[in-house]
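Before any comments, here is the structure.
The values are calculated or read from the model by the stated rules, or taken from the named source; none is laboratory data. Being a predicted model, the structure only gives us computed values, none of them experimental. Cβ placement follows ideal geometry from the backbone for every residue including glycine, while neighbour counts extend to all protein chains displayed.
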Amino acid sequence: MSGFEIFLMVNALAVGIIATLAVQHAIAHYRPEKSEKRREEDQTPHLTAGMKARLIGEAEDAFRKALENQKQGFEKDLAGTAGMLTDQLHKIGAKIVNDELEGYKAALKDMHVQADEAINGGRKEMEAYKEEMKAKLAEELKVEKEKVLAQIDSKLSDAVLSFLLETLQHDVDLGAQTAYLTKMLEEHKDDFKKAVADEA
Amino acid sequence: MKRKKFALPDSIATPEELVRATLEVKEYAKWFNQESIRRRVSKKKGPAAPELTEPARAIISHWGDGGPTDSRDMATLIKTLEDFKRHTETVTITLAAPVTSSLKRTLVAWCRSSISPSIFVSFQFNSTILGGAVIRYGSRVFDWSFRRQLLDNSAAFGEVLRRV
């Protein structure tokens, strides 16, 4: 036989196997209860009631043990998880509180800075206002002083004039004034002539 | 009739004095006229000439050359005196005390020689001016009194006080 023939025979064998498997799977797919029943029938061994009960009991014990183990495992996991959650909560809480505190400190610091600036600004303005008021007051005092001095001078001159009038108006000697009167008339002769000419 | 030149004597300063002198001149004129007639018609002596004050005498003697020659001249003199009184302006001089006669003559002589030969000068006194004079002519007033000078220099009083 040639290789080709061998190859063909192997292929035919593989196709047959595959076809058989395909048919079996199709039957199992379209008629599952029949096949399940048959499987169960095929698989179910012949057991006594005692053996069944013992098997059931063992299965229950094993199940219970497994449950217990699972439960312990879950409890351990739960405790661990709770501890981790608590830690995480603490960390998150602390972080939040820290962040808030930092924010509060920063805001407080800004407010301090603003308040300092406001106070300094207000102090400077007050100093400037004080200087301005001082200058204004000095100016007003100076004006007032000059006014008072002028009033004093005026009052004093009025007082002296009144005194002179009061003292000298009696016993006036015109003889002593004759030369003065003629001199004064000579000095103002032109004014007088002009007045006479204007009146005329 | 030719109008004669007439200058008031310095002894007559005010219109009132001229009026008084004019009255005396009129009395004298009456006597003068009567005496002129008497001399023409009779050799008898008539009454003596009326007593004249110095101003009236000065007026009569200054009229023309040595006084009036006849009654018409006299009448002209009287008319001239009356015209003078009506048309002459008055300057009022206020002094610090009542004016003495010598000062009055001096001032009147000055006014008549420097301002106008026919001007009246009346005098008043006000002791509050202390000295100098306040002269009023028409509507013009010239205050050259000591009081005015003190008032005008009152501002300098403070300066002087500070220097003392």
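The numbered conditions (1) more than 10 Å from every other protein chain (Cβ to nearest Cβ); (2) closer than 30 Å to B:T90 by Cβ; (3) not acidic (D, E) are all true for A:R123 except (2).
Within the set of pairs 6 or more residues apart or between chains, which connect a residue that is surrounded by fewer than 19 Cβ atoms within 10 Å (Cβ to Cβ) inside segment B:128-142 to a residue that is of a type in the set (S, T, Y) with Cβ atoms less than 6 Å apart? Correct list of pairs: B:R136/B:T92. Taking the conditions (1) modelled with pLDDT under 90; (2) closer than 21 Å to A:A176 by Cβ; (3) not charged (D, E, K, R) in turn, B:A156 satisfies each one other than (2).
The residue of segment B:143-164 that is nearest to the chain's Cα centre (by Cα), among those that are within 8 Å of chain A (Cβ to nearest Cβ), small (G, A, S) and surrounded by 14 or more Cβ atoms within 10 Å (Cβ to Cβ), is B:S154. Would you mention how many residues in segment B:86-115 are in contact with an Asp or Glu (Cβ under 7 Å, 6 or more places away or on another chain), surrounded by fewer than 20 Cβ atoms within 10 Å (Cβ to Cβ) and not charged (D, E, K, R)? Selection size over segment B:86-115: 1. Taken over segment B:24-57, residues that are of a type outside the set (D, E), within 21 Å of B:S11 (Cα to Cα) and either without any contact (Cβ under 8 Å) to a residue 12 or more places away in the chain or not assigned by TED's automatic domain parsing to the domain that holds B:T76 (or both) amount to 1. Within the set A:A195, A:A176, the sole residue that is part of a helix (DSSP H, G or I), exposed (fewer than 10 other Cβ atoms within 10 Å of the Cβ) and at pLDDT below 85 turns out to be A:A176.
Checking each residue in segment B:11-32 for being of a type in the set (A, V, I, L, M) and part of a helix (DSSP H, G or I) picks out B:L18, B:V19, B:A21, B:L23, B:V25, B:A29.
Against the condition within 30 Å of B:F142 (Cα to Cα) and in a loop (DSSP other than H, G, I, E, B), how does B:A49 come out, does it pass? Show your work before the answer.
Numbers: within 30 Å of B:F142 (Cα to Cα): no; in a loop (DSSP other than H, G, I, E, B): yes.
It is false that B:A49 is within 30 Å of B:F142 (Cα to Cα) and in a loop (DSSP other than H, G, I, E, B).
If you check B:S118 against the conditions, is it exposed (fewer than 14 other Cβ atoms within 10 Å of the Cβ), more than 9 Å from every other protein chain (Cβ to nearest Cβ), in contact (Cβ under 8 Å) with a residue 60 or more places away in the chain and not in a strand (DSSP E or B)? Break it down into steps so the answer makes sense when it comes.
Working: exposed (fewer than 14 other Cβ atoms within 10 Å of the Cβ): yes; more than 9 Å from every other protein chain (Cβ to nearest Cβ): yes; in contact (Cβ under 8 Å) with a residue 60 or more places away in the chain: yes; not in a strand (DSSP E or B): yes.
Yes.
Scanning segment B:94-106 for residues that are in a helix (DSSP H, G or I) and free of Cβ contacts under 8 Å to residues at least 24 places away in the same chain yields B:S101, B:S102, B:L103, B:T106. Of the residues making up segment B:70-93, one or more are in a strand (DSSP E or B), in contact (Cβ under 8 Å) with a residue 12 or more places away in the chain and at the interface with another protein chain (Cβ under 10 Å from one of its Cβ atoms). Residues in segment B:49-98 that are under 14 Å from the mean Cα position of the chain (by Cα) and among the aromatic types (F, W, Y): B:F84 only.
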